[in-house]
Ligand code: XBP
Ligand code: MG
């Protein structure tokens, strides 16, 4: 019989719908500010989301979608563009335009109040993940906030989940992951973790065969359901 000791949350798409009206808009602002005539519309952004990580996503776009000569070193150019995008993204969050998905706050609060440990495992940049939390919920609820470049390889590689497990000093069967995407599910699965999927518009057609359960929002589940699912 397994006993739930920690809940590990993905960020983008899971805690909040940050992509379409958050990161995407911020990327477009950054392109505009850099005098680039690139525009990522909702459909194109859905395709680009296959690549996790903002810097990696810009690099993938430059390589596969357009003809482009960077004005200086490409890696530096991408880092600068990504920093500008993150500034716009955090401005959006500070304006309070992006709230948590239904059921998220209740589940996190319940978990915290029951003394079960909480962690974050995200592909996003740490400052972006923190800005989302700070605008919506106490970041101190999370014992570990593992983000972005802290590991060598982003999701679907398992690195970020293995890192969290190491920091929590727990074996995977004591934990449940909450994710929204196939890449996130693959990452968690390869780390030996059981995963609940909360789908959104961008991920509804992903393959979730490996998930413990697929739901439309965290309103459909509570802590005792999660405890039963892993016992
Ligand atoms: C989602 C991502 C991120 C965001 C953009 O991560 O792939 O890259 O789209 O954030 P997750 P950054 O679902 O694992 O939270 O620009 O900060 O990378
Ligand atoms: Mg996600």
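The values are calculated or read from the model by the stated rules, or taken from the named source; none is laboratory data. Just so you know, these numbers come straight off a predicted model, no measurement behind them. Here Cβ is always computed from backbone atoms with ideal geometry, including for glycine, and neighbour counts include all displayed protein chains.
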Going through the range 112-123 in order, the residues found to be touching a helix residue (DSSP H, G or I) at 6+ places or on another chain (Cβ under 8 Å) and farther than 16 Å from residue 100 by Cα are 112, 114, 116, 117, 118, 119, 121, 123
Over the range 179-213, the set of residues out of contact with any helix residue (DSSP H, G or I) (no Cβ under 7 Å at 6 or more places or on another chain) and surrounded by fewer than 16 Cβ atoms within 10 Å (Cβ to Cβ) is 201, 204, 205, 209
Subset of the range 145-155, residues surrounded by 18 or more Cβ atoms within 10 Å (Cβ to Cβ) and either under 19 Å from residue 23 (Cβ atoms) or in contact with a strand residue (DSSP E or B) (Cβ under 8 Å, 6 or more places away or on another chain) (or both), comes to 145, 146, 147, 148, 154, 155
I'd like to know if the range 84-92 contains one or more residues that are within 16 Å of ligand 2 (Cβ to nearest atom) and under 30 Å from residue 6 (Cβ atoms).
yes
Scanning the range 183-193 for residues that are farther than 22 Å from residue 225 by Cα and either within 11 Å of ligand 1 (Cβ to nearest atom) or touching a residue at least 60 places away in the same chain (Cβ under 8 Å) (or both) gives 183, 187
Among the residues of the range 1-25, the number that are in contact (Cβ under 8 Å) with a residue 24 or more places away in the chain, within 16 Å of ligand 2 (Cβ to nearest atom) and touching a helix residue (DSSP H, G or I) at 6+ places or on another chain (Cβ under 9 Å) is 16
Residue pairs qualifying under the 9 Å Cβ cut-off, at least six apart or on distinct chains, with the first in the range 136-157 being farther than 20 Å from residue 57 by Cα and away from ligand 1 (no atom under 13 Å from the Cβ) and the second being part of a loop (DSSP other than H, G, I, E, B) and at pLDDT 95 or above, are 136/15; 136/98; 136/99; 137/15
